[in-house]
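Just dropping this structure here.
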Amino acid sequence: MDISVVFNEIRSKVYPPLGPEASGEGFNWGHGQVLVAHLMQEDYSAGYYSYIFSKAFAADMFESTFSADLMDREQGQRYRRTVLSKGGSIDEMEILTTFLGRKPDWAAFHRSLSAD
């Protein structure tokens, strides 16, 4: 699979054609999928790490609450009531700690990174 072709085909469905495909030369050009220009923006800086924190918190919530039964109605309702219904009205760490019943930890995230 040529990742550049896949990337350019998908991009052309979302944005107007920008490269050689605009003149009928196909999608096998460039490597736009590897661009990280947004990381260099002055106002972005450490914000990139929020992705990692989000993954760590999600892994902890999933493993401790949903891994046994993805369709557990009671846990889904608890998540809805404890997390989603609060929106931005309460500090996010307070919401997370309340939902987990403890401070979040990185163990589930570390396990999610290991190769089986």
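Could you grab me the full set of residues in region 4-63 that are within 30 Å of Leu100 (Cβ to Cβ) and aromatic (Phe, Trp, Tyr)?
Scanning region 4-63 gives Tyr44, Tyr48, Tyr49, Tyr51, Phe53, Phe57, Phe62.
Return the pairs, sorted by first residue and then second, in which the second residue is assigned to a helix (DSSP H, G or I) and of a type in the set (Phe, Trp, Tyr), the first residue lies in region 44-58 and is within 19 Å of Ala107 (Cβ to Cβ) and in the same structural domain as Pro104 (by TED's automatic domain parsing), the beta carbons are less than 9 Å apart, and the residues are 6+ apart or on different chains.
Ile52/Phe109; Lys55/Phe109; Ala56/Phe109; Phe57/Phe109; Ala58/Phe109
Related question: Please give the helices (runs of 4 or more DSSP H) falling wholly within region 46-102 in which 2 or more residues are at pLDDT 95 or above and over 24 Å from Leu113 (Cβ atoms).
73-82, 92-100
The values are calculated or read from the model by the stated rules, or taken from the named source; none is laboratory data. These numbers were taken from a predicted model, which means no experiment stands behind them. Cβ coordinates were reconstructed from backbone atoms using ideal geometry, including for glycine residues, and neighbour counts include every protein chain displayed.
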